[in-house]
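Data first, discussion second: the structure below is written as structure tokens.
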């Protein structure tokens, strides 16, 4: 009985240590995990075309967390901001709806200022709130964002 208890406690200790070491890699909390996560986001963005006359003005990635407080990093968003001329917000949404036909998205009014597209585990958001005021819109990619 004591030997069995010692074995179980020993295995539980080993599992805890392995989990503690592996968790940051699985959640993208290491430098290499972060780079791989962002590289997957970039692959989604690189497959997209942009409307004619569109110019990239900002490109960045930032972490997001599982919950408020000291929660672990849940993933990374990669955001690209584009400047447009001669297009309305509805033109930009229509362009991406046509381009992302194989992605799931809400229909109708849900896509007036922001539209979320999902395909498999990936999520892509087209945010056109600033088209009328600043002539810019944002595309946000998260290769694992469909789960959040």
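The values are calculated or read from the model by the stated rules, or taken from the named source; none is laboratory data. Small disclaimer: the values here were computed from a predicted structure and weren't measured. Cβ atoms come from the backbone with ideal geometry, glycine included; neighbour counts cover every protein chain shown.
Points to keep in mind about this one:
- Per the listing 16, 23, 71, the residue uniquely under 18 Å from the mean Cα position of the chain (by Cα) and at pLDDT below 95 is 71.
- Matching residues in the stretch 116-148 - criterion: being farther than 20 Å from residue 40 by Cα and crowded, with 18+ Cβ neighbours inside 10 Å: 127, 128, 131, 136, 137
- Search result, residues across the stretch 91-115 that are in contact (Cβ under 8 Å) with a residue 24 or more places away in the chain and either in a loop (DSSP other than H, G, I, E, B) or surrounded by fewer than 18 Cβ atoms within 10 Å (Cβ to Cβ) (or both): 91, 99, 100, 113
- Selected residue (criterion: farthest from residue 129 (Cα to Cα)) from residues of the stretch 53-89 that are touching a helix residue (DSSP H, G or I) at 6+ places or on another chain (Cβ under 9 Å) and part of a loop (DSSP other than H, G, I, E, B): 72
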